[in-house]
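Notes follow once the structure below has been shown.
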Amino acid sequence: MGKKWAIRLVSVALAVVVGILLVCQFWPRKAVYYHMSVQEIDRDIRRISAQNLSTAERMTYYSSRFLGAPYELYCQGDGPHARYDPLPLLNLKKINCMTYCEIVMALTLADYYIDFFNILQHIRYENGIIGMATRNHYTMGDWLPANSWCLDDVTHLIGGADTRSVTRVISHETFFAGKGIDDIPIMYRDREVTIDYLPFDTLLQHEDDLQSGDVVALILDAPGIFSAHMLLVIKNDQGTVFRHASMSAGKTIDSPFAAYIADLRENPKYIGMSFMRMRDKIDWDQPGGRHGKFRPQIRPISRRHWEADPARDVGREHTIQFITLHHSGVEYYGEPEPKTAIRAIQRYHQVEKKRIDIDYHYLIDPDGLIYAGRPETWVGDTETDYDPTGHLLICVLGNFEIQKPNEKQLAALTALVADKCLTYGILPEQVRGHRQLTETLCPGKHLQEWIDNGLLIKRVQERLGWLE
Ligand SMILES: [Zn+2]
């Protein structure tokens, strides 16, 4: 063989190798989100968002971006700082049946990546406040009612006279006890929950009533819990399938509709399915502009609840550009009850200080509950000589020169500050303690420490999905 031939052979071999590498690089990786970078996913979300697609079409598209994604039961948690479940707040590399449905739903509603991350946390947590106590643990008992802002139970709409119902007791106390957790507030007492479902033998007749993107809960025949598995209904050229992150398959797959139901009918563990549907039009509550998306979830405890006195006059309007933290300056561990303590602060500001209303826009109690104070569109007030115009004033109840703020207050502060940063376009690193603006001890050295050591900023950034 001549030298020319050898060169030619090597060139061809090289070309083939380069070709294979290029194909590997661009072809299979492009298709699925579990191989894509945040930047690539961000571009894809923006591209889809710009198209005029229905909710069903988006659900169908985004669900297909995870076909083949590796299954992992424990894949998402309450973030790296959580006490009990420090898995990441978002994991696109490995998914389970629940995270799969939640991720597809959040993508469907999102316009870009940070938007997606935020919406996801609002789907996962009551009021968007991240933590074990506020997570929507039970699909039918917690998750469905908490997501009534974007999701409807359509079981009866689909099944009509074939619909059955079942009532069970949902217990957070039992749930947490089972995990060995006994030191978090129980948000919900044990309660009876009744749900609709369709028995398997009726489901085949209702295939045409299902829509692509319908979210499905597989209903167990067991006390204390309803849902054993979450799936999506997808309709495409191949007909109707259940698309789901399957533990037994170890990945996300399409299971043909009739065959899958036939399998389930053989299994006495299950009694049927419940169906939920994402709304096509969602009321985003627009005051925050496009970031109004973040708003439906952070609903502070209302003035009516803490029995606030009305404002004594109309406030001066301002545009929020800063966030400033305060403490109430009185040691406080929850006694007297928060609404009494907050009323006392309001009385002091209105009666003693002759101001129109309580000084602060929000207050946070030791359980991490957030209370609405003065309307945030009005300038707040202060004991000291800085001008609070443009400042959103958040007061954490306690004297943090003496006591230390707790984890629940940090979680609430993180959620509230993140919400306001997103709403008003404030950078998390612009958050200040009162003492950085004027001569005062407020908000106390132990609360100021969360600003000075970067902890609060880092948490807010994570909350906003800025870190991968
Ligand atoms: Zn202050």
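Bear in mind that the values in this text are calculations on the coordinates, not laboratory data. Just so we're clear, the structure is a prediction, and the values are computed from it rather than from any experiment. Methodologically, a virtual Cβ is constructed for each residue, glycine included, from the backbone with ideal geometry; neighbour enumeration extends over all protein chains shown.
How large is ³J(HN,Hα), in whole Hz, for each residue of region 138-143 in order, when computed from phi with the Karplus curve 6.51 cos²θ - 1.76 cosθ + 1.60 and θ = phi - 60°, using x for Gly and Pro?
Each residue's phi maps through the Karplus curve to give 8, 3, 8, x, 10, 5 Hz.
Hey, what angle do you get for helix 3-31 against the long axis of the chain, alpha-carbon based, 0 to 90 degrees rounded to 10?
50
Report the rotationally averaged projected area of the chain based on its alpha-carbon convex hull, in square nanometres.
Numbers: hull surface 119.7 nm².
The orientation-averaged projected area of the Cα hull of the chain comes to 29.9 nm².
For residue 329, what charge total do you get from the other residues with a beta carbon under 10 Å from its beta carbon, if Lys and Arg give +1 and Asp and Glu give -1?
Working: positive: none; negative: 331, 383, 401.
Residues close to residue 329 contribute a combined charge of -3.
So who's got an amide H within less than 5 Å of the one on residue 229, skipping anything under 5 residues away but keeping other chains? H placed 1.01 Å off N, in plane.
Amide H to amide H, under 5 Å and 5 or more residues apart or across chains, residue 229 pairs with 218.
P(r) for region 20-165: what percent of alpha-carbon pairs falls in each 5 Å bin, starting at zero?
Values per bin, smallest distances first: 2, 9, 16, 21, 19, 15, 10, 5, 3, 1, 0, 0.
What is the helix-to-structure angle for 38-49, meaning the angle in degrees between its Cα long axis and the longest Cα principal axis of the chain, kept from 0 to 90 and rounded to the nearest 10?
The two axes meet at around 90 degrees.
Report, by chain and number, residues whose modeled amide H sits under 5 Å from the one on residue 136, excluding near sequence neighbours (fewer than 5 apart, same chain).
Result for residue 136 returns 125, 126.
Please list the non-local residues whose amide H lies under 5 Å from the amide H of residue 327, H modeled 1.01 Å from N, same-chain partners needing a gap of 5 or more.
The answer is 396.
Per 5 Å bin from zero, what fraction in whole % of the C-alpha pairs of region 31-278 is there, up to the bin with the longest pair?
Per 5 Å bin, starting at 0, the Cα pair percentages come out as 1, 6, 13, 18, 20, 18, 13, 8, 3, 0, 0.
Expressed as an acute angle from 0 to 90° and rounded to the nearest 10, what is the orientation of the C-alpha long axis of helix 97-109 relative to the principal long axis of the chain?
Tilt of helix 97-109: around 70 degrees.
Given Cα pairs under 8 Å that are at least 6 residues apart, what percent is the relative contact order of region 113-195?
Computed over region 113-195, the figure is 25 percent.
What is the sum of charges, Lys and Arg at +1 and Asp and Glu at -1, for the other residues whose Cβ falls under 14 Å from the Cβ of residue 75?
Neighbour charge sum, excluding residue 75 itself: 0.
If r is the Cβ-Cβ distance from residue 238 to residue 74 and R0 is 30 Å, what FRET efficiency results, to the nearest 0.05? Please report the intermediate quantities before stating the final value.
Details: r = 32 Å, r/R0 = 1.06.
After rounding to 0.05, the efficiency reads 0.40.
Using Cβ counts within 10 Å as a stand-in for footprinting exposure, how do 322, 116 rank, fewest first?
Starting with the residue having the fewest Cβ neighbours, the order is 322, 116.
What's the Kirkwood radius of region 174-282 in Å, using all Cα pairs?
15.8
Whole-Hz ³J(HN,Hα) for each residue in region 368-385, computed from phi via Karplus 6.51 cos²θ - 1.76 cosθ + 1.60 with θ = phi - 60°, x for glycine and proline: what do you get?
The phi angles translate into x, 7, 9, 10, 6, x, 5, x, 6, 6, 9, 4, x, 10, 8, 6, 10, 9 Hz.
Over the chain, calculate the relative contact order: mean separation of alpha carbon pairs under 8 Å at least 6 apart, over the residue count, as a percent.
After rounding, I find 13 percent.
Can you order the peptides 304-317, 57-70, 337-350 by their average number of other Cβ atoms within 10 Å per residue, highest first?
57-70, 337-350, 304-317
In whole Hz, with x marking every Gly and Pro, tabulate ³J(HN,Hα) for region 439-448 from phi via Karplus 6.51 cos²θ - 1.76 cosθ + 1.60, θ = phi - 60°.
6, 6, 7, 4, x, x, 4, 6, 7, 4
Residue 67 versus residue 194, label points 7 Å from Cα toward the beta carbon: distance in nm?
Between residue 67 and residue 194, the label points sit 4.1 nm apart.
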